[in-house]
Amino acid sequence: MIELWKNEQDENRWHPFSVLIKKELADHIRSFRFIILFVLVMLICVGSLYVVLSNIRETASDVDPESATLFLKIFTLSNGELPPYFALLGLIGPLVGISLGFDAINAEMNKRTLSRILAQPIARDAVINAKFLAAVIAVSIMILSLAFLMIGFGIWFIGIPPTFEEFLRIMIFTAVTIIYIAFWINLSIIFSTLFKQPATSALTCIAIWLFFSVFFNILIQFLSGSESGSAGSGWTYYLSQLSPTQIYSNVTSVLLTPGIRSTGPLSMGQVAGSIPTPLPLQQSLLVIWPHLTTLIAGTFICFGVAYLLFIRTEIRS
């Protein structure tokens with residue numbers, strides 16, 4: 001009887017949480033906002049495929065067949081006018097995360113629906129957890145479907161399937177992209193909890209995105225120009241790692257370009273004696289491990305801050 005009662009208690013505890021996730025996920029997928037975002041990312045995919053179709057024959061003649069990196073060119077190829085697929089995702093991905101989280105809390109507080117939800121036998125932490133997980137699931141569906149679409153068209157155009165290592169690199173790249181967008185989802189939920197108006201939280205998140213995407217690089221270039229010597233370049237390199245956009249760029253570049261051996265400047269002692277061959281996946285993961293850990297830690301820290309702010313927020317009926 002005790003075991004049966006405990007099982008019933010566990011089911012009653014998790015049932016509202018699953019209902020909240022289904023509700024939030026349905027709201028995301030059925031909204032015009034998500035449809036517009038999906039069409040925008042689809043245009044990125046189409047543009048990248050157009051670049052691949054235009055330049056894949058010239059690239060295939062320059063790639064060593066034994067290097068097993070031809071299929072990854074689909075995600076990294078650029079014609080000089082349109083950035084590659086992974087760079088476009090790094091630019092548009094934050095907008096996707098911001099769009100899914102900037103009004104997650106304050107919109108429901110303004111509509112007085114959040115107080116009605118919490119009036120039910122639902123734990124407050126279940127609400128914030130469901131909002132985050134539903135947004136991540138929606139983003140995962142979007143990014144995974146586009147990744148498999150790129151793989152399918154790549155097999156059709158190139159005529160050869162990716163190797164197992166190439167497929168693993170693409171899947172890890174997709175997972176890193178989802179984590180990167182989840183960071184911006186948590187950041188937008190933080191400002192959605194702090195500010196009462198959705199427009200204020202959206203503008204604040206967009207300002208942060210613009211700072212790290214545009215002005216932060218200008219600031220780094222200015223500092224690197226004012227400093228001289230290897231000490232200055234090393235200092236500006238570590239300063240650039242404070243940007244989540246730069247961290248994502250470093251991780252994805254190493255994953256999709258096996259020939260990259262480091263994300264930072266190399267000394268002459270490190271370059272001497274090295275053989276210019278692609279790194280295996282295990283070695284590439286070792287290179288990006290500090291950056292990947294930083295990105296994951298930043299995502300969890302932002303979620304923790306959003307969680308604490310929401311738990312301490314006064315919600316009146």
Next on the checklist: Only counting other Cβ atoms within 10 Å, I'd like Trp184, Trp209, Trp156 sorted with the fewest neighbours first.
Outcome noted: Trp156, Trp209, Trp184
Checklist entry - So which lysines pass the test for Lys196, namely a Cα distance under 19 Å, with those fewer than 8 places away in the same chain ruled out? => result Lys111, Lys131
Next on the checklist: Rounded to whole Å, give me the distance from the Cα center of region 34-52 to that of region 152-203.
Outcome noted: 13 Å
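If you average over every viewing direction, what projected area does the convex hull of the Cα atoms of region 116-187 give, in nm²?
On the way: hull surface 25.6 nm².
Taking a quarter of the hull surface, the average projection is 6.4 nm².
Where a number appears in this text, it was derived from the coordinates with a stated rule and is not lab data. None of these values were measured; they are calculated from a predicted model. We place every Cβ from the backbone using ideal geometry, glycine too, and count neighbours over all the protein chains shown.
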